[in-house]
Structure formats: structure tokens, C-alpha cells
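Report on the structure given below.
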Amino acid sequence: MNTKRLESVEEAAEILRRGGLVAFPTETVFGLGVDATNERAVRRLFEAKGRPSDNPLIVHLAQKNDWPLAAREVTPAAGPLLARFAPGPLTVVLPKRDEISQLVTAGLDTVGVRAPDHPTAHAILLGAGLPIAAPSANRSGRPSCTTWRSVLQDLDGRIDAVFCEDAVGCGIESTVVDCTGSAPTVLRPGGVTVEQIAAVLPHVDDPTRTAPQPDARVRSPGLAHPHYQPRARVVLVDSPEKAAGEAVAYCGIGAAPPIGANVVHNATFADVQQYAAAFYEFLREADRRGADTIFVQRAPHRGIGHALGDRQRRAAGEV
Ligand code: TXA
Ligand code: MG
């Protein structure tokens, strides 16, 4: 298959309407979009990504008020979250509508919905006029993509089109909050911080704070699979001095990279937001430059650092 390079929103929307697979930028990472009501197309998407079929997809909407395209109701916990954080890097899990394919939700009777806060994503979704299922646009298990060139590295020849514009925003996936149970529960930390969510829903349950919870894996089955892993070995460190070896990459906040090791790629950031936004592309660039080991400075445990730390532990295979 020849993967089209797109610069036209109309063309992207048209390919989606015809059941094609289109990668497009959002404020988190690239999504690989497909018509969520078209089973044949959804099957092709799982194949293109090499995604296990027990990992449900998030349904993307042009605006938050489009939720009836995918969900039966907005539950009491979801209302205030959507009012405050949508459009934005938030996914609320709601009771599913029958029209959404069971393949999309991996057989669950719930559906995750999100309205991206990104002009191109918004325009494509509006043009398509459909609920669009979109996992991150990467081969399953690999780091997510924030540039269209990285998308092509994983998916060229496997998808119908990629929109040639880089993702700009928080750079870490949406926060997933299950709003179907008696207590709203964070299933995946992300771009909206848990502190922000707790300010709106003081009783939110956050099992991700105390890291891997067997229960969270059951409620969000995708969490059980490997994620975000580059080819190079990832080692988490607290300070740059720990980095040593033959072909080393290093990323962190503030302090300079190590001296003495053979550094093939390094980046230090002024703050945790910039660190989070650049993290996935850093891992991919380290691979491209032939790093054997990527030393990753642990993110601070608050704000967006909570979500970044989660991705770092998964990249290192600790979770
Ligand atoms: O920021 C994002 O959310 C990006 C962009 C493209 O929007 N998308 C994304 O999709 O990260 P993906 O497929 O890589 O991750 C979806 C996550 C998985 O952890 C999955 O288990 C969870 O959302 N999820 C989706 N539907 C769910 C449901 N009905 N119940 C529980 N978890 C669900
Ligand atoms: Mg993903």
C-alpha cells in the first residue's frame, strides 16, 4: 500500500469517510484514525498497528457535545470533567452506544471518548462527521509519535495516509478517567494532571498514584501489554552522573549530560512540561542514532511529571 502524504484536511476527512486509515496530529500524540462504525476498517487498523485485540480504542469527536455519537449518556462524574477539560487531553469512559463496533471497545460495554484540542485534528473530525476511533499512531509496543516522520517510520506502507504536520501540545497521551462506576477512577495518567482532576472531582480514585494495580489492568485491559519501548535499553536514573557506556543517550531536566560516556544523543530541558513534550521523539531519535542504552532521568512525581514518570517506567519495562 502506498501511504499518501497529506496537507489537505478535506482529503483526510474523505479518506476516513471511505473507511481508510489516516494518521493525524493532536495536542497529545499522533492518532491513527478510522471510522468507529466500520468493522472492516477497524479490523485493518488493529492489523496495521499489530495491536492486541483486547486493547480498546478511544473514540475521537470534533466537539464534546458530539458524545451521543458514541455514548449512551454522560454520567454525573463525566459532566464536570467535560465542562472543565474538553476539548483537551482528557478521555472519559462512558456507557457505550450499540452503533460503536465491539471491536473498538474490545468487547467492553463502555467507550472512551475524547475531543482533541488541536486545530487540524478538530477540522479533520468535523469534516469526517463520524465518531473516529484513534489509537496512538505507532506500531504496538513502541513509543508514541509526535512527528509525522516518526509515524512513517513505523507505519509507511501500512496505512492509507498521514497528515504532514507535527503534533504540538503536551506531548503525552490523554488522561483516561472511568466515569461509569460509583467512584470515578483514573485509569491512565496523562495531559490533564490528577491534581487538576481532583480539583473538579474531589472523590476521584487514583490507583495510578501507587503504580501497577491489578484492578486497573482489568478495567483498562490495554495496560497489561508492553508500551512505549524503543529498541535501545532504557535505564531510569536520578542524576546524569549514572550514565556510562559505549553508545549512550541521556535526557533529563536541568543538569548537563554525563562526561566520559560516548554520548550519541542528549537533551536537557528547562522544565518538566518541555521534558514531557519531547520525551517520545527523544527515544526515537536515540534509536536512529544507534544508542545502546538510553539513560532517562526520572520525572518529578507531581503535575505532568506523574504521567511522564508512568511512561518512563513502561519504556524501561518496569511496569
Ligand atoms: O491522547 C490520546 O489519548 C491518544 C491520542 C491519539 O488521542 N490516543 C491514545 O490511544 O493514547 P491508545 O489507543 O494508544 O490508548 C488508549 C488507552 C488504552 O490504555 C486503553 O486501554 C484505554 O485508553 N481505553 C480505551 N477505551 C477504554 C474503555 N472503554 N475502558 C477502559 N479503558 C479504555
Ligand atoms: Mg498507545
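The values are calculated or read from the model by the stated rules, or taken from the named source; none is laboratory data. Not measured: the values here are computed from a predicted model. Don't worry about glycine lacking a Cβ; one is built from the backbone with ideal geometry, like all the others, and counts go over all protein chains shown.
Of the numbered criteria (1) near ligand 1 (Cβ under 9 Å from one of its atoms); (2) in a helix (DSSP H, G or I), the one Glu47 fails is (1). Look at region 19-38: where a residue is at positive phi and a partner is assigned to a strand (DSSP E or B), sitting 6+ places away or on another chain with Cβ atoms under 7 Å, you get Gly19/Asp35. Within region 202-237, the set of residues being in a loop (DSSP other than H, G, I, E, B), over 30 Å from Tyr250 (Cα atoms) and at pLDDT 85 or above comprises Pro202, His203, Val204, Asp206. For region 261-283, the criterion of a residue being outside any loop (DSSP other than H, G, I, E, B), more than 25 Å from the chain's Cα centre (by Cα) and surrounded by 14 or more Cβ atoms within 10 Å (Cβ to Cβ) is satisfied by at least one position.
Whenever a residue of region 127-155 is without any contact (Cβ under 8 Å) to a residue 24 or more places away in the chain and surrounded by fewer than 19 Cβ atoms within 10 Å (Cβ to Cβ), it has no partner that is assigned to a loop (DSSP other than H, G, I, E, B) and of a type in the set (Ser, Thr, Tyr) lying with C-beta atoms less than 7 angstrom away and at least six residues away or across chains.
Each residue in region 123-180 was checked for being modelled with pLDDT of 95 or more, within 13 Å of ligand 1 (Cβ to nearest atom) and within 27 Å of His306 (Cβ to Cβ), and 28 of them qualify.
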